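Chemist: Below is one structure. I have some questions about it.
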Amino acid sequence: MNTKKTANVIVIGSGIVGSSCAYYCVKKGLSVIVLDEDIIGNGASSRNGGGVRAFFRNPLEMPLAKYAIDNIWPHLSEELGVDIEYKQGGNFRLGIGEKEESNLRRLAKEGNEQGLKVELMDQKQVQDFCPYVSPAVTYAAYCKNDGHANPMLATLAFYRKAKALGVKYYTGEEAVKLVTIKGKVKQVVTALGNVYEGDAVIVAAGCATTKLIQTVGVDMPHAPSLIEAFVTEAMPPMFDFMMGTASSAFYGHQTKHGSFVFGGGSGLESFNDGYSDSCPTRQITAPSVMRGIMKYFPCLHDLKIIRTWAGWINHTPDGCAVIGPVDNLPGLYLAAGYTGHGFCMGPVTGKVLSEVIVGEKPCVSYEQLKLSRFKAKQ
C-alpha cells in the first residue's frame, strides 16, 4: 500500500490530547487527519484514574491546569454532547505523621499562592469532614478546585465530536517516520507505507513520541514507566472528592455509579522492562496500592476488586508536559510527556495548539512548557 492523503493538520495519537487537538483545530476551520497505531484512545487516556486537578501540580503546568478547570471542564459535557461524569468534588490529600504534615503545609501554601483554594485540616477536622478516614490520619489538605471525570467517556466524546465535524481518523496506522520538505515538517510515513501530508504535524503519541521525532533529529528526554489501576464493586455513595496522600501512595475516587477507581505504584516500576506495546500488570503493584488504601481508609478493607489494568506514563526530567512548536523546525508541534497527569490538561492542550497553529494569541501561557526548556549541561 502506498497512498497519500493531505490535510491542514496531521495529528499522531487518538487519546484525549490528540482528539482534543483535532476537535479544536477543526473548529478553527482546518482540515484534520488523526493517525493511531491502535484503536481509539487505547493508551493512557483510557487507563488513568480520571483526576482533573491543579493541586499538587508543578508551577510550570499550573496556568494550563487552572485554565482547564476554570473554563473548559465545567462545560465539557454540554459542549461535546455526552455526560462525561465530571464532578468538581475537590481533592482530599491525607497525611500521617509530621513529615507528611510538613509536606501538605508546603503544598497548600504553594497552591494558595497560585490562586487555588486549599484548606488545611487537623485530625479532628479531618474526621468531621470525612468520617470514613482512619483515625491514624493526623492532617489533610483539601482543594476545592479539583474534581474527576470518566476518562473513557471524555476521550470518546472528543473523538466522536471531532469526527462529526469532519476529522478523518485512521486506526491501525503506525507512524514510523516524519519527513521534512524545504526545512519544514510536512509528511508522516506509516508502517503500511502510506504518506500523510499537512502544514502542521502534532505528535501526541505518548511514550512513542521520542522515537518518532528522532526521525527528524529531535530529542525529547523521557523515561517510560508502567503504573496500574483497578476498579471495585459498587458501594453506596460515600464521598465525591478525589483522594490521595501527601506521599502519593495512591489516588482514586468514587464514580457516579458507586464503584471506586484507584491507581498507584509500588515504587519499583522503574525497574520493570522497558516500554513496549503491551501493558502487563505486575504481581507486586496492586497489593501494594491496596495496603496503602487500607491504611487511610480501613472501612474499604472488604471491598472486592473487579478488574485491574496497567498503562504507560511518560516521565520528563522536570515532571512536566512538553507542549508547543519545536524551535527551528517549522511544522512540528509536540503534546507529550505528561508524566502521568495529562488527563486534566488534554482539552486545554488542544485549544492552545489550535490557536498557535492559526496564529491567534493563546488563551493561556504555554511557552514555559516548550521542548527548548531542556538544556544540555555543556
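Chemist: Step through the residues of segment 244-258 one at a time and calculate ³J(HN,Hα) from phi using the Karplus curve (6.51 cos²θ - 1.76 cosθ + 1.60, θ = phi - 60°), rounding each to whole Hz and writing x for Gly and Pro.
Modeler: Values, residue by residue: x, 10, 5, 9, 6, 5, 6, 8, x, 6, 8, 7, 4, 8, x Hz.
Chemist: Per 0.36 nm of contour for each residue apart, how much would the distance between Val216 and Gln114 grow if the chain were fully extended, relative to their Cα-Cα spacing?
Modeler: Full extension from Val216 to Gln114 adds 33.0 nm.
Chemist: Please give the per residue volume of the convex hull enclosing the alpha carbon atoms of segment 100-154, rounded to a whole number of Å³.
Modeler: Convex hull volume per residue, Cα atoms: 113 Å³.
Chemist: Which listed residue (Ala286, Thr155, Asn112) has the Cα farthest towards the positive end of the charge dipole for the chain, taking +1 on Lys and Arg C-beta and -1 on Asp and Glu C-beta about the Cα centre?
Modeler: In the chain, that residue is Thr155.
Chemist: Still on this structure, I have one more. Along the principal axes of its C-alpha atoms, what lengths does segment 158-197 span, in descending order and rounded to whole Å?
Modeler: 34, 21, 12
Chemist: Filter the DSSP H helices in the chain by two things, a Kyte-Doolittle mean of at least 1.0 and an axial alpha-carbon span of 18 angstrom or more, and list the hits by number.
Modeler: none
Chemist: Can you give me the Cα centroid spacing of segment 202-274 and segment 1-54 in angstrom?
Modeler: Computed from Cα coordinates, the inter-centre distance equals 19 Å.
Chemist: Considering Cα pairs under 8 angstrom that are at least six residues apart, work out the relative contact order of segment 72-152 and quote it in whole percent.
Modeler: RCO, segment 72-152: 44 percent.
Chemist: Ignoring ligands, DNA and RNA, please state the percent of accessible area on segment 121-179 from carbon and sulfur, probe 1.4 Å.
Modeler: Of the solvent-accessible surface of segment 121-179, carbon and sulfur hold 53 percent.
Chemist: Can you tell me what percent of all Cα-Cα pairs in segment 1-118 are more than 18 Å apart?
Modeler: That fraction is 66 percent.
Chemist: With the full set of protein chains in place, find how many percent of the accessible area of segment 26-86 is carbon and sulfur; take the probe as 1.4 Å.
Modeler: C and S atoms contribute 48 percent here.
Chemist: Whole number in Å², please: accessible area per residue of the chain, 1.4 Å probe, ligands, DNA and RNA not counted.
Modeler: With all protein chains present, the chain gives 43 Å² per residue.
Chemist: Which value does Rg/Rh take for segment 234-368 over its C-alpha atoms, Rh per Kirkwood?
Modeler: That ratio is 1.05, to two decimals.
Chemist: Within the chain, what percent of beta bridges assigned by DSSP are antiparallel, to the nearest 5?
Modeler: So the antiparallel bridges in the chain amount to around 70 percent.
Chemist: Pick from Gly311, Gly111, Gly29 the residue whose mean-square fluctuation is largest in a GNM of the chain, springs joining Cα atoms under 10 Å.
Modeler: Checking each option, the largest mean-square fluctuation is seen for Gly29.
Chemist: Output the relative contact order of segment 12-138, whole-number percent, from Cα pairs under 8 angstrom with separation of 6+ residues.
Modeler: 17 percent.
Chemist: What length, rounded to one decimal in nm, is gained on full extension from Met294 through to Ser134, with 0.36 nm per residue of separation minus their alpha-carbon distance?
Modeler: Stretched out fully, the Met294 to Ser134 stretch lengthens by 56.7 nm.
Chemist: Carbon-plus-sulfur fraction of the accessible area of segment 248-378, 1.4 Å probe, in percent?
Modeler: Solvent-exposed carbon and sulfur of segment 248-378 make up 53 percent of the total.
Chemist: Tell me the Rg and the Dmax, in Å, that the Cα atoms of segment 222-268 produce.
Modeler: Every Cα atom of segment 222-268 included, Rg and Dmax give 12.4, 41 Å.
Chemist: Give me the extension gain from Arg160 to Lys144: residue separation times 0.36 nm, minus the current Cα-Cα distance, reported in nm with one decimal.
Modeler: 2.7 nm
Chemist: Which ³J(HN,Hα) values in Hz, rounded to whole numbers, follow from the phi angles of segment 215-227 under the Karplus curve 6.51 cos²θ - 1.76 cosθ + 1.60, where θ = phi - 60° and Gly and Pro get x?
Modeler: Each residue of segment 215-227 in turn: 5, 10, x, 10, 10, 10, x, 7, 9, x, 9, 9, 10 Hz.
Chemist: For the chain, evaluate the Debye formula with one uniform point scatterer on each Cα (no solvent term) and list log10 I(q)/I(0) at q = 0.06, 0.08, 0.10, 0.13 Å⁻¹, rounded to two decimals.
Modeler: So the normalised log intensities are -0.22, -0.40, -0.62, -1.03.
Chemist: Any idea which of Gly18, Phe250, Gly49 is furthest toward the positive side of the dipole for the chain, if Lys and Arg beta-carbons carry +1 and Asp and Glu beta-carbons -1?
Modeler: Going by the Cα projections, it comes out as Gly18.
Chemist: Right, next: Mind scanning Lys99/Lys295; Lys177/Lys370; Lys5/Lys168; Lys186/Lys211 and naming the pairs with a C-alpha gap bigger than 20 Å?
Modeler: Correct reply: Lys177/Lys370.
Chemist: Give me the net charge for the shell around Glu101: Cβ to Cβ below 13 angstrom, other residues only, Lys and Arg +1, Asp and Glu -1.
Modeler: For residues surrounding Glu101, the net value is +2.
Chemist: With charges set only on the Cβ (+1 for Lys and Arg, -1 for Asp and Glu), what does the dipole of segment 140-244 come to about its Cα centre, in debye to the nearest 20?
Modeler: Computed about the Cα centre, the dipole is about 540 debye.
Chemist: Take every Cα-Cα distance within segment 63-176, group them into 10 Å bins from 0 onward, and report for each bin the whole-number percent of pairs it holds.
Modeler: 12, 31, 25, 18, 11, 2
The values are calculated or read from the model by the stated rules, or taken from the named source; none is laboratory data. Every value quoted in this text rests on a predicted model; they were computed, and no experiment measured them. With ideal geometry, Cβ positions are generated from the backbone for all residues, glycine too; neighbour counts draw on all protein chains shown. Quick note on the areas: whole protein, heavy atoms, side chains included, nothing else; ligands and nucleic acids left out. Shrake-Rupley method; radii C 1.70, N 1.55, O 1.52, S 1.80 Å.
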